[in-house]
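Here is the structure we will look at.
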Amino acid sequence: MTATHSFQDEVVYQIYPRSFQDSNSDGIGDLKGIQQRLPYLKKLGVDVLWLNPIYRSPDKDNGYDISDYEAIQPAYGDMTDFEALLNAVHDNGMKLLMDLVVNHTSDQHRWFQESKKSKDNAFADYYIWRDPVDGHEPNNWGSYFSGSAWTYVPARGQYYLHLFAPGQPDLNWENPEVRQSVYSLMKFWLDKGANGFRMDVINLISKPADLPDAPQAAGAEYGNVESLVADGPKLNDYLQEMNREVLSQYTDILTVGEMPGSTPEDATHYTNLDGSELNMVFQFQHVNLSPNPDARLGKWNDQPVKLPELKQAFARWQVALDGKGWNSLYWNNHDQPRTVSRFGNDNPQYRVISAKMLGTTLHMMQGTPYVYEGEEIGMTNVHYSTLDQYEDLESINAYQALVNDEKAVTPEKMLKYLSHISRDNARTPMQWDDSTNAGFSTVKPWFALNSNYPQINTKQALADQDSVFYYYQKLIALRHDSDLIKLGDFELLDPDDGDVFAYKRHYNGQTLLVISNFTANEVSRDYGQEHADSLLIGNYPDDQARVLRPYESKVYQFN
Ligand code: TEU
Ligand code: CA
């Protein structure tokens with residue numbers, strides 16, 4: 001299989017616009033700020049920029065509640081700024097992905113403002129409305145952001161569905177007018193020259209017809225909806241129609257489907273190499289490991305992930321999609337804690353070496369790697385200690401529901417879980433230098449900086465040849481030049497080894513051997529590395545063959 005699609009050569013850099021670079025001293029990142037930083041991104045060597053939503057939004061979920069899909073959020077700039085940024089991205093030989101959020105809109109969108117007025121207006125069926133059952137919500141569905149997934153509107157005498165916040169009503173994809181409205185807004189951005197979309201929870205858009213009750217954990221107030229709504233009955237039809245009506249009419253468009261709860265088998269239907277649906281899947285198995293034993297608490301846990309489980313999570317997707325579909329490869333994004341704190345070791349003694357180990361482990365796999373802003377300099381979790389430090393509704397709502405309402409966990413434990421796993425860890429402003437506000441802004445940023453920015457910032461990284469930045473630069477360059485890395489198959493070695501993650505890639509008679517020590521202990525392993533033809537990259541200055549020092553990672557090639 002040769003690299004028949006450009007996305008098989010590319011590396012994506014994810015920008016969380018509000019936290020990337022402020023250019024007009026209002027404490028909020030913006031489009032002009034991104035444009036100012038393009039030379040930095042060019043130096044890193046990334047090919048595609050994915051911007052989290054930049055559309056007009058009341059910001060109840062930091063832009064994932066869109067009130068106008070064809071207008072720029074004023075805090076980020078205007079359409080002129082967008083067009084200038086897009087041109088500058090293209091002039092730098094890069095591509096720009098928009099974030100398509102069409103499972104739901106904002107409740108401030110004009111469609112919803114109309115829909116909620118009555119049962120017979122032009123937008124009445126744009127959303128999912130149901131009559132009360134025995135005076136209550138139509139079923140037991142819980143929202144991803146705590147509470148019920150239903151909210152009652154007296155003007156209609158009905159409830160509307162919102163898998164996320166009440167300010168994020170789910171669109172009714174059964175309605176062909178909804179689908180046509182979505183295809184129209186997609187064309188609006190593609191006609192402007194955007195190079196594709198990351199599609200937010202796109203595998204949740206097809207709900208089961210009769211909206212049955214969801215599995216409900218003992219003691220939980222609501223059911224967990226994901227197993228019912230992920231990869232729903234008409235998802236394939238909708239994605240194939242979207243492809244026919246929009247995507248196939250443009251050339252070299254990159255599409256990535258964010259698919260919580262999806263399986264490798266399903267993903268090969270939605271992401272395939274024949275271009276009939278989406279190009280790649282963004283799945284969650286490796287970041288949803290070690291859920292809390294108390295099912296009511298779900299992701300809220302502070303237990304370290306067991307390495308064999310992490311290895312199996314990656315291997316399952318690598319093997320299942322090889323030759324059939326395409327993976328996104330990521331450790332971090334705006335919904336996940338900082339990987340060096342979660343899977344590596346953010347102790348100053350090990351932060352850099354373990355960040356390089358994690359980067360090596362991920363970037364040598366088959367798929368498109370995603371680098372999340374700050375990951376390339378080893379930014380860490382904040383280690384929050386009090387509830388008032390959080391700004392993300394998911395974290396704040398979860399504390400209220402689990403500690404105060406359901407009394408499922410003590411405040412102390414929940415604060416530890418939040419500190420370990422909250423999305424806020426990833427949303428602190430980018431750390432550019434050691435000046436006031438880290439060079440992100442000349443005024444107090446919208447959200448508190450991580451206090452370690454004087455030690456961890458791009459200025460320091462660019463001045464240090466041994467920084468994570470230059471190591472990521474090498475990883476990205478290696479991928480660009482190697483079909484073995486891009487297209488090789490995947491063979492996990494020693495699945496049960498709890499300290500070392502080792503795997504092989506094979507392509508055209510060549511073999512790549514990737515070995516990563518996930519611990520702070522020195523161990524010894526023999527995978528035949530002494531017979532390799534070359535050491536492609538390693539995070540220690542020398543190579544001691546079978547010896548693996550703390551967080552040591554190295555990549556050998558056998559020609
Ligand atoms: O997130 C999808 C999703 O499944 C989230 O519930 C995410 O997994 C969770 O917050 C982490 O456990 C997407 C966006 O990436 C996220 O920022 C939005 O809040 C969400 O959809 C709703 O649009
Ligand atoms: Ca600004």
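For Glu10, only one of the following conditions fails: (1) in contact with a Ser or Thr (Cβ under 7 Å, 6 or more places away or on another chain); (2) open to solvent by 10 Å² or more (accessible area, probe 1.4 Å); (3) within 16 Å of ligand 2 (Cβ to nearest atom). What is its number?
With (1) in contact with a Ser or Thr (Cβ under 7 Å, 6 or more places away or on another chain); (2) open to solvent by 10 Å² or more (accessible area, probe 1.4 Å); (3) within 16 Å of ligand 2 (Cβ to nearest atom) applied to Glu10, the lone miss is (3).
Listed here are the residues, each with its yes/no results for (1) open to solvent by 50 Å² or more (accessible area, probe 1.4 Å); (2) part of a helix (DSSP H, G or I); (3) more than 26 Å from Leu44 (Cα to Cα).
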{"position": "Val403", "(1), (2), (3)": "no, yes, yes"}
{"position": "Ala461", "(1), (2), (3)": "no, yes, no"}
{"position": "Lys474", "(1), (2), (3)": "yes, yes, no"}
{"position": "Lys486", "(1), (2), (3)": "no, yes, no"}
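Using beta carbons and a limit of 6 Å, which pairs, at least six apart or on different chains, have the first residue in segment 76-98 and under 25 Å from Pro445 (Cα atoms) and the second one of a type in the set (S, T, N, Q)?
Partner pairs satisfying both residue conditions: Leu85/Gln35.
Residue by residue through segment 133-156, note down the ones that are over 20 Å from His109 (Cα atoms), more than 16 Å from ligand 1 (Cβ to nearest atom) and part of a loop (DSSP other than H, G, I, E, B).
Listed by number, the residues that qualify are Asp134, Gly135, Glu137, Pro138, Asn139, Asn140.
For the list (1) farther than 22 Å from Met430 by Cβ; (2) of a type outside the set (A, V, I, L, M); (3) within 16 Å of ligand 2 (Cβ to nearest atom); (4) surrounded by fewer than 16 Cβ atoms within 10 Å (Cβ to Cβ), I need the number of the one condition that Arg56 fails.
In the conditions (1) farther than 22 Å from Met430 by Cβ; (2) of a type outside the set (A, V, I, L, M); (3) within 16 Å of ligand 2 (Cβ to nearest atom); (4) surrounded by fewer than 16 Cβ atoms within 10 Å (Cβ to Cβ), Arg56 misses (4) alone.
State which residue is nearest to the chain's Cα centre (by Cα) when the search covers only segment 488-512 and only residues that are within 15 Å of Ala532 (Cβ to Cβ) and open to solvent by 50 Å² or more (accessible area, probe 1.4 Å).
Of everything passing the filter in segment 488-512, Lys504 is nearest to the chain's Cα centre (by Cα).
Sort out which residues of segment 48-71 are under 17 Å from Asp335 (Cα atoms), within 12 Å of ligand 1 (Cβ to nearest atom) and touching a residue at least 24 places away in the same chain (Cβ under 8 Å), and write them in order of number.
Trp50, Asn52, Pro53, Lys60, Asp61, Asn62, Gly63, Tyr64, Asp65
Among the residues of segment 207-214, is any out of contact with any strand residue (DSSP E or B) (no Cβ under 6 Å at 6 or more places or on another chain), over 25 Å from Tyr127 (Cβ atoms) and either without any contact (Cβ under 8 Å) to a residue 40 or more places away in the chain or part of a helix (DSSP H, G or I) (or both)?
The answer is no; no qualifying residue exists.
Look at segment 315-341 and say how many of its residues are open to solvent by 30 Å² or more (accessible area, probe 1.4 Å) and part of a helix (DSSP H, G or I).
Of the residues in segment 315-341, 2 are open to solvent by 30 Å² or more (accessible area, probe 1.4 Å) and part of a helix (DSSP H, G or I).
Can you tell me which residues in segment 538-559 are among the aliphatic types (A, V, I, L, M) and part of a strand (DSSP E or B)?
Initial filter on segment 538-559 (among the aliphatic types (A, V, I, L, M)): 545, 547-548, 555.
Hits for segment 538-559 are Val547, Leu548, Val555.
Among the residues of segment 216-258 satisfying the criterion of being open to solvent by less than 30 Å² (accessible area, probe 1.4 Å) and hydroxyl-bearing (Ser, Thr, Tyr), which is nearest to Ala165 (Cα to Cα)?
Out of the qualifying residues, it is Tyr238.
Would a scan of segment 18-29 turn up a residue that is away from ligand 2 (no atom under 12 Å from the Cβ) and in contact with a helix residue (DSSP H, G or I) (Cβ under 7 Å, 6 or more places away or on another chain)?
No, that holds for no residue.
Looking only at segment 259-293, which residues are without any contact (Cβ under 8 Å) to a residue 24 or more places away in the chain, under 20 Å from the mean Cα position of the chain (by Cα) and either more than 15 Å from ligand 1 (Cβ to nearest atom) or open to solvent by less than 30 Å² (accessible area, probe 1.4 Å) (or both)?
Ser290
Test Ala218 against the criterion of being at negative phi, free of Cβ contacts under 8 Å to residues at least 40 places away in the same chain and small (Gly, Ala, Ser), and give yes or no. Show your work before the answer.
On the way: at negative phi: yes; free of Cβ contacts under 8 Å to residues at least 40 places away in the same chain: no; small (Gly, Ala, Ser): yes.
Taking the combined requirement at face value, the residue does not satisfy it.
Which count do you get for residues in segment 410-450 that are open to solvent by less than 20 Å² (accessible area, probe 1.4 Å) and part of a loop (DSSP other than H, G, I, E, B)?
12
Go over the candidates Arg296, Arg244 one by one and state the one that is over 13 Å from Asn203 (Cβ atoms), away from ligand 1 (no atom under 16 Å from the Cβ) and of a type in the set (Lys, Arg).
None of the other options fit; the residue is Arg244.
Tally up the residues in segment 159-197 that are under 24 Å from the mean Cα position of the chain (by Cα) and assigned to a loop (DSSP other than H, G, I, E, B), please.
The total comes to 12.
Quick check on segment 279-314: of everything there that is in a helix (DSSP H, G or I) and farther than 22 Å from Leu493 by Cα, which residue is nearest to ligand 2 (Cβ to nearest atom)? Outline the logic, then answer.
Step one: filter segment 279-314 for residues in a helix (DSSP H, G or I), giving 285-287, 295-297, 307-314.
Adding the requirement that they be farther than 22 Å from Leu493 by Cα leaves 295-297.
Details: Ala295: 42, Arg296: 40, Leu297: 37 Å.
This residue is Leu297.
Taking segment 101-118 only, how many residues are farther than 23 Å from Val229 by Cβ, surrounded by 13 or more Cβ atoms within 10 Å (Cβ to Cβ) and either within 16 Å of ligand 1 (Cβ to nearest atom) or charged (D, E, K, R) (or both)?
3
The values are calculated or read from the model by the stated rules, or taken from the named source; none is laboratory data. All values derive from a computational prediction rather than experimental measurement. A quick note on method: Cβ atoms are made from the backbone with ideal geometry, for glycine too, and the neighbour counts reach across all protein chains shown. What goes into the accessible areas is simple: the full protein's heavy atoms, side chains included, and nothing from ligands, DNA or RNA. Shrake-Rupley method; radii C 1.70, N 1.55, O 1.52, S 1.80 Å.
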